[in-house]
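Asks: Mind having a look at this structure? Questions to follow.
Every read-out reported here was derived from the displayed coordinates using simple, explicitly stated rules and does not represent laboratory data. As the structure is a computational prediction, the values presented were derived from the model and not from experiment. For neighbour counting, all protein chains shown are included, and Cβ atoms are generated from backbone atoms with ideal geometry for every residue, glycine included.
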Amino acid sequence: MDKLYDLIIIGSGPAGLAAGIYAERARLDSIVIEKEYVSGGQVVNTYEVDNYPGLPGINGFDMGMKFREHADNLGVNFITDRAERVESYEENGKKRNRVVCENETYTAKTVIIATGAVHRKLGVPGEEELAGMGVSYCATCDGAFFRNKDVAVVGGGDVALEDAIFLARACRKVYLIHRRDELRGAKSLQEKLMSLENVEILWDTVVTEIKGQGQVSAAVLQNKKTGQTGELELQGVFIAVGITPSSQIFEGLVEMEHGYIRADETGTTSVPGIFAAGDVRTKALRQIVTAVSDGANAVASAERYLTGQG
């Protein structure tokens, strides 16, 4: 008979690592399944994190390692494998969850999905090479590093507009680069953006290349209507063209909303015994600090569920 765990945590970003820590402290018989050989999720690719309380200016990779070290010191059990699907079923009148992975299958009374989300990329030369060196996907995370500098925000939705407004408070100049001739964001955000003197909107424009040697220095732009190209000197490029939740393998298992698993701050999903934490769930703010909070809340919910199950 396969071992029956109290809890399986899928994912080892900040939400999954926090869940692992809280599960171990709660003395739950649990495992964390991670597909990568390095824990930390998106944070390990972040050059610097300056908004996590108590760790100002920490390197993103170091932060991920600190989270993992904390979990290791407590004895959290990690398994490197790739989850392919989760099956929820009943056995002798009790709910069970089977996590089918690439190499093995694991069974538990409860599951926390903490698979995160990935930022959509522009897919242009220089983007990957300069990520964390002027190319950013999070204005609220990295905006403080660009005080009195010239930056661009790429996108036209709510997030792009919010990022441009946020950056305009500290940056010398903010260019909003949008591929269409009208914005998709809320009218109230558009009005606020238009009122800012240091913001300029570049309509019908796309970024074709990001340039720089160790740091962003310029973006190559093309006007979609005229075909005209040119370079814009910049120190930062903030890409806000959306994020994609890593939830595909859970389709049909739990209720979703635009690809995000529908769950509140308790992490409770539409399926009893299955919880969601971090960027993969429906939420207003996707930050390291809120992912960690989600991990703790999801474990507390799992504990309550297990107590009720007897």
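Asks: What angle do you read, to the nearest 10 degrees and between 0 and 90, between the alpha-carbon axis of helix 158-168 and the longest principal axis of the chain?
Replies: Value to nearest ten degrees: 60.
Asks: If you don't mind, there's one more thing I want to ask. Give the long-range amide H neighbours of THR208: residues separated by 5 or more places, or on another chain, with amide H under 5 Å away, using H modelled in the peptide plane at 1.01 Å from N.
Replies: HN-HN under 5 Å from THR208: VAL220, LEU221, GLN222.
Asks: Ok, one more. What is the calculated FRET efficiency for ARG27 to GLU129, with r their C-beta to C-beta distance and R₀ = 51 Å, to the nearest 0.05?
Replies: According to the calculation, E is roughly 0.65.
Asks: First measure r as the distance between the Cβ atoms of LYS121 and ASN77, then evaluate 1/(1 + (r/R0)^6) with R0 = 30 Å and state the FRET efficiency to the nearest 0.05. Could the numbers behind the result be given before it?
Replies: Numbers: r = 33 Å, r/R0 = 1.12.
Computed FRET efficiency for LYS121 and ASN77: 0.35.
Asks: Please arrange MET65, MET194, MET256, MET133 by counting, for each residue, the other beta carbons lying within 10 Å of its beta carbon, fewest first.
Replies: MET194, MET133, MET65, MET256
Asks: Long-range amide H contacts for ILE58: which residues qualify at under 5 Å (H placed 1.01 Å from N, peptide plane, sequence gap of 5 or more or a different chain)?
Replies: The answer is VAL49.
Asks: So, one more: Please state, as a whole number in µm²/s, the translational diffusion coefficient that the Stokes-Einstein equation yields for the chain at 37 °C and 0.692 mPa s, with Rh defined as the Kirkwood radius across alpha carbon pairs.
Replies: My calculation gives 159 µm²/s for D.
Asks: Taking 22 Å as R0, compute the FRET efficiency from the Cβ-Cβ separation of GLU36 and GLU209 and round it to 0.05.
Replies: 0.15
Asks: Another question, if that's okay. For the chain, which cysteines have no disulfide-compatible partner, meaning no other cysteine Cβ under 4.7 Å?
Replies: CYS101, CYS171
Asks: Here is a further query. Please give every one of the aspartates and glutamates within straight-line cross-link reach of LYS121, meaning a C-alpha to C-alpha distance under 14 Å, and leave out same-chain neighbours fewer than 8 residues apart.
Replies: Correct list for LYS121: GLU129, GLU209.
Asks: Just grab the label-to-label distance for ALA284 and GLU84, each label 7 Å out from Cα along the Cβ direction, in nm (one decimal).
Replies: Once both label points are built, they end up 4.1 nm from each other.
Asks: Do any of LYS3/LYS95; LYS187/LYS225; LYS192/LYS225; LYS173/LYS211; LYS149/LYS187 go past 21 Å between their Cα atoms, and which? Provide the component values of the computation, followed by the final result.
Replies: Working: LYS3/LYS95 15 Å; LYS187/LYS225 25 Å; LYS192/LYS225 27 Å; LYS173/LYS211 18 Å; LYS149/LYS187 27 Å.
From the list (LYS3/LYS95; LYS187/LYS225; LYS192/LYS225; LYS173/LYS211; LYS149/LYS187), the Cα-Cα distance tops 21 Å for LYS187/LYS225; LYS192/LYS225; LYS149/LYS187.
Asks: Still on this structure: For the residue pair GLU257 and LEU306, what label-to-label distance in nm results when each label sits 7 Å from Cα along the Cα-to-beta-carbon direction?
Replies: 2.9
Asks: Further, regarding this structure: Going by a ≥ b ≥ c, the root eigenvalues of the Cα gyration tensor, does the range 121-239 fall in the rounded group (a/c under 1.5), the prolate group (a/b larger than b/c) or the oblate group?
Replies: Since a/c reaches 1.5 but b/c is at least a/b, the shape of the range 121-239 is classed as oblate.
Asks: Please give the charge dipole size of the range 121-239, origin at the Cα centre, charges +1 on K and R Cβ atoms and -1 on D and E Cβ atoms. Round to the nearest 20 debye. Before the final figure, lay out the partial values.
Replies: On the way: 14 positive and 17 negative charges, 35 e Å.
The dipole magnitude comes to about 160 debye.
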